[in-house]
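To keep things clear, I will list the structure first and then write my remarks on it.
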Amino acid sequence: MFSELAEKRRSVRVYGGQPVEAAKIDAIIEAALRSPTGGARRPWTFVVVTEKALLEKLSVAKPGGAAFVKDAPVGVVVCGDPSASGLWVEDCSIAAVTMQYAALSLGLGSRWAHMNGNNFNEGTTSTQYIAKLLGLPENLSVLCIIAIGYPGEEMVPYKKDELRFDKVSYNRFGQKKA
């Protein structure tokens, strides 16, 4: 049931050493390919990375913000084509979150590393660095990397009283539930 998945989903910071089965990777990618998309444009492209050396290189694409990618057995680079849709960021974000819930449903954990708009170093963006590393065509921009693997730590769900229900209004901003 989806509400159980939503309750359990947490960002995995430590991954176990075991590899992810190919069938599980395929199921995660299929779920992403079934994601909602504006105008059925599907502006996304996914690059599934399982080579340890490439994962290590991807982990430095966002200085200080993607180091965990090197410890995951799988990294999915979520790319979008801005020329295919003005909603590429939204569509790729939906696909990325779909991957995270699909991974959880298969007993895996995940974590998002945002890349779009970040600088790798002075004069080079994270997208440019990753594009060169993975041989991406010029029309693609990198939104994020989803690290996926078996959790190496217990993932404790947020308690209901930790949720920010104060951020929810009904019918008008600031109006609380009757």
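Values quoted throughout were computed directly from the atomic coordinates according to the rules given, and no laboratory measurement underlies them. As the structure is a computational prediction, the values presented were derived from the model and not from experiment. Using ideal geometry, Cβ is built from the backbone for each residue, glycine included, and neighbour counts are taken over all protein chains shown.
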For the chain, calculated [θ]222 nm from helices alone, where every DSSP H run of n ≥ 4 adds -39500 (n - 2.57):
-9000 deg cm²/dmol
In the chain, whole DSSP H helices that both stretch 24 Å or further along their axis by alpha carbon positions and average at least 0.0 on the Kyte-Doolittle scale are 88-105
With a 10 Å cut-off between alpha carbons and a GNM built on the chain, which of GLY109, GLY149, GLY123 moves the most?
GLY123
Please state the relative contact order of the chain as a whole percent: Cα pairs under 8 Å, 6+ residues apart?
31
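Determine by what factor the alpha-carbon radius of gyration of the range 52-178 differs from 2.2 N^0.38 Å, reporting the quotient.
Working: Rg = 17.5 Å, N = 127, 2.2 N^0.38 = 13.9 Å.
Ratio of Rg to 2.2 N^0.38 Å for the range 52-178: 1.26.
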Residues with amide H under 5 Å from that of MET115, placed H, sequence gap 5 or more
CYS144, ILE145
May I ask you to evaluate 6.51 cos²θ - 1.76 cosθ + 1.60, the Karplus curve with θ = phi - 60°, for each residue of the range 139-149 and list the ³J(HN,Hα) values in order in whole Hz, giving x for glycine and proline?
6, 9, 10, 8, 7, 6, 10, 9, 7, 9, x
Could you give the dipole magnitude of the chain about its Cα centre, charging the beta-carbon of Lys and Arg +1 and that of Asp and Glu -1, in debye to the nearest 20?
560
Show which lysines lie in cross-link reach of LYS52 when reach means a straight Cα distance below 17 angstrom and same-chain residues fewer than eight apart are skipped.
LYS70
Taking only Cα atoms and a 10 Å spring cutoff, compute GNM fluctuations for the chain and point out the largest among PHE120, PHE68, PHE165.
PHE165
Given pairs LYS8/LYS132; LYS24/LYS177; LYS24/LYS176; LYS8/LYS62 and cut-off 30 Å on Cα-Cα distance, the over-length ones are LYS8/LYS132; LYS24/LYS177; LYS24/LYS176
